[in-house]
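The values are calculated or read from the model by the stated rules, or taken from the named source; none is laboratory data. Nothing here was measured: the structure is a model prediction, and the numbers come from that model. All Cβ positions, even for glycine, are placed from backbone atoms using ideal geometry, and neighbour counts span all protein chains on display.
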Amino acid sequence: MKLLICFGTRPEAIKMAPICLVLKKENIPFKLCVTAQHREMLDQVLGFFDLAPDYDLNIMQPNQSLNMLSSRILSEMDNIFEKESFDLVLVHGDTTTSSLVALAAFHRNCKVAHVEAGLRTYNKHSPFPEELNRQLTGRIADFHFSPTKTSKQNLLNENVQESKILITGNTVIDALFITLNRIDNGYTNASIENLKKRIDCSKKNILVTGHRRESFGIGFENLCNAILKLSQNKDIEIVYPVHLNPKVQKTVYHRLSGIKNIHLIAPLDYPSFIWLMSKSNLIISDSGGIQEEAPLLNIPVLVTRETTERNEGIKSGCSILVGTNTTRIIEEANRILNAGNIKYKMSNPYGDGFGAVKIVDFIQNNIFEDA
Ligand code: UD1
Ligand code: UDP
């Protein structure tokens with residue numbers, strides 16, 4: 001049984017790393033292929049988890065279009081499958097890498113297992129193009145690792161056979177436990193040390209991220225207006241690691257530069273970002289992964305999207321869906337920051353930190369056995 005793990009972006013790397021680490025620990029052979037849909041943002045994760053790809057397709061181009069990206073992934077993956085055949089490919093989530101690698105594998109009669117399977121908004125424009133990516137990957141996949149009961153139910157509703165689905169929790173929680181443990185045991189780096197000097201814990205700290213394509217234009221303008229308004233309160237400090245997508249960089253640096261309590265910084269390496277999250281009082285973000293991580297750190301998230309496929313966090317009160325309405329963002333942020341004890345205990349609905357072990361066990365017992 002030959003196993004290939006394939007991913008391309010920062011969040012996929014963070015969420016697939018725990019699986020690679022379990023496979024290594026159990027001495028189960030596998031090959032790792034990165035499309036490098038992201039470059040710098042991917043490489044820092046590979047470095048932190050000490051992962052060395054066997055194949056690096058190095059496809060990222062500045063301001064890449066979805067179609068160019070897709071065609072390069074299909075043709076480069078075909079070259080890999082021409083060189084070496086695999087029985088199973090593991091892909092993750094909802095990126096262009098996941099759906100196009102799954103398609104390339106299907107074209108070569110290779111089975112596909114989907115990690116973080118079954119998340120749905122059923123609105124193909126939100127998140128765009130991720131909702132369709134994950135539906136496509138779900139149709140192609142032979143095995144589905146669902147993070148929650150809800151995501152399993154979505155797949156059952158789509159007539160996926162129950163024996164092909166396993167609820168695992170989200171491996172982002174595995175990665176988070178690994179990272180918190182390393183930080184607790186003394187891990188640090190230049191970026192964490194720099195943040196320690198800059199973050200004033202006596203202030204109300206807001207951490208901001210954003211990168212969704214459906215918010216380009218008016219959505220990002222509205223978010224910037226809300227941040228500008230919030231920054232008028234000098235008790236508030238805002239740290240915004242700006243995503244490397246040039247469309248995001250242009251708007252954010254143009255609208256928010258030069259304000260004393262708004263710190264626009266480059267994307268942080270993963271452990272530094274986790275350290276910074278843990279020191280924040282509030283997060284404003286459209287990120288999927290951050291919605292899953294924040295409840296474990298007891299940090300509320302204002303989700304700047306119209307829809308979310310992570311409704312578990314909304315239902316348990318960890319996150320609030322605010323869209324990109326300026327007034328709503330400001331009102332909810334002030335409400336949370338002005339509440340007496342803003343650090344309250346949350347219950348994390350996204351996993352127990354053993355997702356990767358469950359996935360590897362399933363592959364060994366149900367897929368390797370049948371091969
Ligand atoms: C991608 C995923 C999105 C995921 C996000 C995580 C798709 C369609 N989108 O969006 O689902 O939530 O990653 O961050 O798969 N860039 C760099 N260096 C990097 C990374 C990006 O310069 O390390 C710049 C490049 O100019 C690149 C652009 O960002 O062309 C956009 O990258 P892309 O992967 O196409 O889209 P994201 O918005 O990052
Ligand atoms: N993250 C990071 N550095 C940053 C911002 C985020 O390492 O500057 C991590 C974060 O902890 C989470 C993941 O990146 O695990 C989320 O990635 P992103 O928001 O880009 O993508 P999404 O989860 O929305 O697909």
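Among the listed residues ILE28, ILE14, identify the single one that is over 26 Å from ARG212 (Cβ atoms) and touching a residue at least 12 places away in the same chain (Cβ under 8 Å).
Just a single option satisfies the conditions, and that option is ILE28.
Got a sec? Which of ALA52, ALA117 is in a loop (DSSP other than H, G, I, E, B), more than 9 Å from ligand 1 (Cβ to nearest atom) and crowded, with 20+ Cβ neighbours inside 10 Å? Outline the logic, then answer.
Values: ALA52 fails: crowded, with 20+ Cβ neighbours inside 10 Å.
None of the others qualify; the one that does is ALA117.
Among the residues of region 147-197, what is the count of those that are part of a helix (DSSP H, G or I) and either closer than 24 Å to GLY353 by Cα or not polar (S, T, N, Q) (or both)?
Pass one, region 147-197, residues part of a helix (DSSP H, G or I): 149-157, 162-164, 171-184, 190-197.
Now restrict to residues that are either closer than 24 Å to GLY353 by Cα or not polar (S, T, N, Q) (or both): 149-156, 162-164, 171-184, 190, 192-193, 195-197.
Final tally of qualifying residues: 31.
Pairs please, first residue from region 234-251 and under 11 Å from HIS211 (Cβ atoms) and among the β-branched types (Val, Ile, Thr), second anywhere and away from ligand 2 (no atom under 14 Å from the Cβ) and modelled with pLDDT of 95 or more, Cβ atoms under 8 Å, 6+ apart in sequence or on different chains.
Note: pairs meeting the criteria are VAL242/TYR253; VAL248/PHE216; VAL248/PHE220.
Would you confirm, using the coordinates I've provided, whether LEU46 is more than 16 Å from ligand 2 (Cβ to nearest atom), part of a helix (DSSP H, G or I) and either under 22 Å from the mean Cα position of the chain (by Cα) or of a type in the set (S, T, N, Q) (or both)? Reasoning before the result, please.
Working: more than 16 Å from ligand 2 (Cβ to nearest atom): no; part of a helix (DSSP H, G or I): yes; either under 22 Å from the mean Cα position of the chain (by Cα) or of a type in the set (S, T, N, Q) (or both): yes.
In short, no.
From the list GLU221, GLU237, exactly one residue is away from ligand 1 (no atom under 16 Å from the Cβ), touching a Lys or Arg at 6+ places or on another chain (Cβ under 6 Å) and not β-branched (Val, Ile, Thr). Which is it?
Details: GLU221 fails: touching a Lys or Arg at 6+ places or on another chain (Cβ under 6 Å).
Answer to the check: GLU237.
Anything in region 242-262 that is touching a helix residue (DSSP H, G or I) at 6+ places or on another chain (Cβ under 7 Å) and not hydrophobic (A, V, I, L, M, F, W, C)? List them, or say none.
THR251, ARG255 - these are the residues of region 242-262 that are touching a helix residue (DSSP H, G or I) at 6+ places or on another chain (Cβ under 7 Å) and not hydrophobic (A, V, I, L, M, F, W, C).
When residues of region 185-221 are filtered for being acidic (Asp, Glu) and modelled with pLDDT under 95, how many remain? Reasoning before the result, please.
Our first condition is that a residue be acidic (Asp, Glu); within region 185-221, this holds for 193, 200, 214, 221.
Still in the running and modelled with pLDDT under 95: 200.
Total meeting the criteria: 1.
Has region 162-177 got at least one residue that is in contact with a Pro (Cβ under 7 Å, 6 or more places away or on another chain), in contact (Cβ under 8 Å) with a residue 40 or more places away in the chain and among the aliphatic types (A, V, I, L, M)? Working first, answer last.
Here is the first cut: in region 162-177, the ones in contact with a Pro (Cβ under 7 Å, 6 or more places away or on another chain) are 168-171, 174-175.
Still in the list and also in contact (Cβ under 8 Å) with a residue 40 or more places away in the chain: 168-171, 174-175.
Keeping just the survivors that are among the aliphatic types (A, V, I, L, M) gives 175.
Yes, region 162-177 has at least one match.
Checking VAL34 against (1) free of Cβ contacts under 8 Å to residues at least 60 places away in the same chain; (2) in contact with a Phe, Trp or Tyr (Cβ under 8 Å, 6 or more places away or on another chain); (3) more than 26 Å from ARG182 (Cβ to Cβ), which single condition isn't satisfied?
(3)
Please verify whether ILE80 is β-branched (Val, Ile, Thr) and within 11 Å of ligand 1 (Cβ to nearest atom), treating the condition exactly as stated. Don't jump to the end; show me each part of the working.
On the way: β-branched (Val, Ile, Thr): yes; within 11 Å of ligand 1 (Cβ to nearest atom): no.
In short, no.
Within region 286-371, considering only helices (runs of 4 or more DSSP H) that don't extend past its boundaries, which have at least 2 residues that are basic (Lys, Arg)?
Working: elements: 288-293, 311-315, 326-338, 355-362.
Counting at least 2 such residues, we get 326-338.
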